[in-house]
Protein chains: 2
Amino acid sequence: MSIRIGILGYGNLGRGVECAIKQRADMELKAVFTRRDPKTVSLLTENVPVYSVDEAVNMKDDIDVMILCGGSATDLPVQTPEFAKYFNVVDSFDTHAKIQEHFENVDKASKEGKKVGIISIGWDPGMFSLNRLYAESVLEDGATYTFWGKGVSQGHSDAIRRVEGVKDGKQYTIPKEEALKAVRDGENPQLTTREKHLRECFVVAEEGADKAKIEATIKAMPNYFDEYDTIVHFITEEELKRDHSGIPHGGFVIRSGKTGWNNENTHIVEYSLKLDSNPEFTASVLVAYARAAYRLNKEGQTGCKTAFDIAPAYLSTKTPDELRKGLL
Amino acid sequence: MSIRIGILGYGNLGRGVECAIKQRADMELKAVFTRRDPKTVSLLTENVPVYSVDEAVNMKDDIDVMILCGGSATDLPVQTPEFAKYFNVVDSFDTHAKIQEHFENVDKASKEGKKVGIISIGWDPGMFSLNRLYAESVLEDGATYTFWGKGVSQGHSDAIRRVEGVKDGKQYTIPKEEALKAVRDGENPQLTTREKHLRECFVVAEEGADKAKIEATIKAMPNYFDEYDTIVHFITEEELKRDHSGIPHGGFVIRSGKTGWNNENTHIVEYSLKLDSNPEFTASVLVAYARAAYRLNKEGQTGCKTAFDIAPAYLSTKTPDELRKGLL
């Protein structure tokens, strides 16, 4: 019998989950739930119903895992605890400062509902977090570095678009090669924000707008750009559409550590991602952890978990024997 | 209270474990057990006793985890099941074809002794296995490639030394750049053995030996060299000692996978290690899993486990709260 999945929220991430389910023989998409008028939402998959989010609870016996595809700012803090009472849930909550609070809320709700809630799944938090934990546990004496990019930052692109005179724009976060090299060479450098990443902006200006002023405003924007070296390119709307409509991302987690009686040996552990589509990769991780949520709950487990709490074998379709024979 | 560790077998790996324990505040080296005459073994750590392996069982209440540092060919298949009856154990068993049999033997023994036995820990099997599993579970439609090196292969170095006229020698396994590039570019190439790795040998010949014959013999050696492009350098004993006395290693696990409704997006997940000392890094992984063995057994778990069966949080000294706040 396949694992029956529900998707709550049908944006880029929800569509990514839909695509990931299509690839997986052990899963079936049961329904999509939306806050929009369901009649206005058309899925890629045929013969799967779209319902209002208000109807979700009525389907609690028809769905094994609900994958929550809303945003971390306002959707997930409310939705994940709410739905964890009725469903096994997986979310991609990524507001680092509020993860502990979110964990506690989801833990309470999912224990109450005797369900499993897995939070903060994706690549960062998610795969990057796992690599930070493994590398640090193995190389206890060392330093861990996380670099993001090259990739599109949604938040920074939004920030550009709010500048007066800007019609549209896209921002790429780019790790600096010199910084990556110093880390890979085992130098354990102290890196400032400016030394780690570069920000490159592609901006479409409104007709007649003051480009020099736009550029200066972007570069001075606190939190977003002022602590970085920022490059601003002005391009046409057509160029933006042609060359910058993808949502690529990626990054690097590198740990450099020492071993030996006198710490004489250096080791570099590096994990990197190069992703054509940020939401589709995030969705692929969500779906693997949906499988884990289903299995853990079948075993009688309840409560909130993160990637740290879940043995890797739960993510695979292979049996323990197959894993030992094929992947160990 | 610290975790009391025993080391069984005091070669390069055993010494690596000793060094790793020195770095860890939550562990203490309780004793080293050897098959040699204990009086001939002197440790790096002061005031730690060395005993004959025959005395180990007498110390079963004084040691929380025994780390088995013997070889996979003949030591571990016997030692791990034997000691798993009395101790939580961790080993680095790496004979891929016999892992299932070893698992079953250790499982039976450790259940009988109400202990936890963790096998096949290190980097391959070990960290590489974990990365194969995670990447494959996330990117279901794709291909995984493992490359080893650049690093010293003990088995191939031994093979060289058995050739007539060879006084000493060292062999490096080197991944081919073209192959790495094709994989990283998402081409999903079919790679032959010859296309993946190069073998570079540094050989010290006996005086008056026929170097041409040595080179031809090495290159034709079945299983070891015949399926590879092999480079043979003749050097002096002094050069070998000066330039090739380290035991570096490393490698790459790369998964290339597709997502999207029509598999239109490509993602590359890459994990790599660059290790100054192969045995010291392996030892560092063993020690992290020793911590896990201790904790799992404290929780009442028994039986044989691999890295696949253990939630990552068990490896860290940090509390679940600290992990969520600091690493997620």
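The values are calculated or read from the model by the stated rules, or taken from the named source; none is laboratory data. This structure is a prediction, so every number in the text was calculated from the model and none was measured. Using ideal geometry, Cβ is built from the backbone for each residue, glycine included, and neighbour counts are taken over all protein chains shown. SASA here: full protein model, heavy atoms, side chains in, ligands and nucleic acids out. Shrake-Rupley method; radii C 1.70, N 1.55, O 1.52, S 1.80 Å.
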- Do we find that A:L198 is open to solvent by 30 Å² or more (accessible area, probe 1.4 Å), on the phi < 0 side of the Ramachandran plot and in a strand (DSSP E or B) in this structure? yes
The number of residues in segment A:92-124 that are surrounded by fewer than 24 Cβ atoms within 10 Å (Cβ to Cβ), of a type outside the set (A, V, I, L, M, F, W, C) and within 18 Å of the chain's Cα centre (by Cα) is 7
Of the residues in segment B:284-318, those that are more than 7 Å from every other protein chain (Cβ to nearest Cβ) and in a loop (DSSP other than H, G, I, E, B) come to B:E299, B:G300, B:Q301, B:T302, B:T317, B:K318
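Kindly establish whether A:E187 is modelled with pLDDT under 95, open to solvent by 60 Å² or more (accessible area, probe 1.4 Å) and not hydrophobic (A, V, I, L, M, F, W, C). Spell out the reasoning first.
Working: modelled with pLDDT under 95: yes; open to solvent by 60 Å² or more (accessible area, probe 1.4 Å): yes; not hydrophobic (A, V, I, L, M, F, W, C): yes.
Taking the combined requirement at face value, the residue satisfies it.
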Taking segment B:79-124 and keeping only residues that are among the polar types (S, T, N, Q), more than 11 Å from chain A (Cβ to nearest Cβ) and in contact with a Lys or Arg (Cβ under 9 Å, 6 or more places away or on another chain), one is left with B:N88, B:S110
Pairs returned, first residue in segment A:175-193 that is assigned to a loop (DSSP other than H, G, I, E, B), second residue that is open to solvent by 30 Å² or more (accessible area, probe 1.4 Å), beta-carbon separation under 7 angstrom, 6 or more apart or interchain, are A:K176/A:E195; A:K176/A:K196; A:K176/A:L198
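Scan segment B:125-149 for residues that are among the hydrophobic types (A, V, I, L, M, F, W, C) and either more than 15 Å from the chain's Cα centre (by Cα) or more than 10 Å from chain A (Cβ to nearest Cβ) (or both) and jot them down.
Hits for segment B:125-149 are B:L133, B:A135, B:V138, B:L139, B:A143, B:F147, B:W148.
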If you go through B:T34, B:T45, the only one that is hydroxyl-bearing (S, T, Y) and more than 14 Å from every other protein chain (Cβ to nearest Cβ) is B:T34
Being at negative phi, free of Cβ contacts under 8 Å to residues at least 24 places away in the same chain and not in a strand (DSSP E or B) narrows A:S137, A:S92 down to just A:S137
The lone condition A:L180 fails out of (1) surrounded by fewer than 17 Cβ atoms within 10 Å (Cβ to Cβ); (2) modelled with pLDDT of 95 or more; (3) in contact with a strand residue (DSSP E or B) (Cβ under 9 Å, 6 or more places away or on another chain) is (1)
Scanning segment A:226-250 residue by residue, those over 22 Å from B:E264 (Cβ atoms), of a type outside the set (A, V, I, L, M) and in a strand (DSSP E or B) turn out to be A:D229, A:T230, A:H233, A:F234
Within segment B:257-270, is there a residue that is more than 23 Å from A:W123 (Cβ to Cβ), surrounded by 23 or more Cβ atoms within 10 Å (Cβ to Cβ), more than 7 Å from chain A (Cβ to nearest Cβ) and modelled with pLDDT of 95 or more?
no
Residue match in segment A:150-159 (condition: open to solvent by 50 Å² or more (accessible area, probe 1.4 Å) and more than 23 Å from the chain's Cα centre (by Cα)): no
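Can we say A:F281 is facing chain B (nearest Cβ under 9 Å), under 25 Å from the mean Cα position of the chain (by Cα), part of a helix (DSSP H, G or I) and under 28 Å from B:F103 (Cα atoms)?
So A:F281 fails the test.
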If you go through B:F308, B:F281, the only one that is closer than 18 Å to A:L130 by Cβ and among the aromatic types (F, W, Y) is B:F308
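Counting just the residues of segment B:279-303 that are open to solvent by 10 Å² or more (accessible area, probe 1.4 Å) and in contact with a strand residue (DSSP E or B) (Cβ under 8 Å, 6 or more places away or on another chain), which one comes out nearest to B:M127 (Cα to Cα)? Before you say what the answer is, go through the steps one by one.
Here is the first cut: in segment B:279-303, the ones open to solvent by 10 Å² or more (accessible area, probe 1.4 Å) are B:279-280, B:282, B:294-295, B:297-302.
Narrowing further to those that are in contact with a strand residue (DSSP E or B) (Cβ under 8 Å, 6 or more places away or on another chain): B:279-280, B:282, B:294, B:297, B:301-302.
Numbers: B:P279: 14, B:E280: 14, B:T282: 10, B:Y294: 20, B:N297: 22, B:Q301: 23, B:T302: 23 Å.
Taking the candidates together, the pick is B:T282.
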Among B:D243, B:D321, B:D226, B:D276, the single one that is within 14 Å of chain A (Cβ to nearest Cβ), open to solvent by 60 Å² or more (accessible area, probe 1.4 Å) and under 26 Å from the mean Cα position of the chain (by Cα) is B:D276
Might you check whether a residue that is farther than 30 Å from A:T319 by Cα, within 14 Å of chain B (Cβ to nearest Cβ), touching a residue at least 24 places away in the same chain (Cβ under 8 Å) and buried (at least 22 other Cβ atoms within 10 Å of the Cβ) occurs anywhere in segment A:208-223?
no
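Those residues that are polar (S, T, N, Q) and over 22 Å from the mean Cα position of the chain (by Cα), I need them from segment B:168-207; list them, please.
Selection gives B:N188, B:Q190, B:T192.
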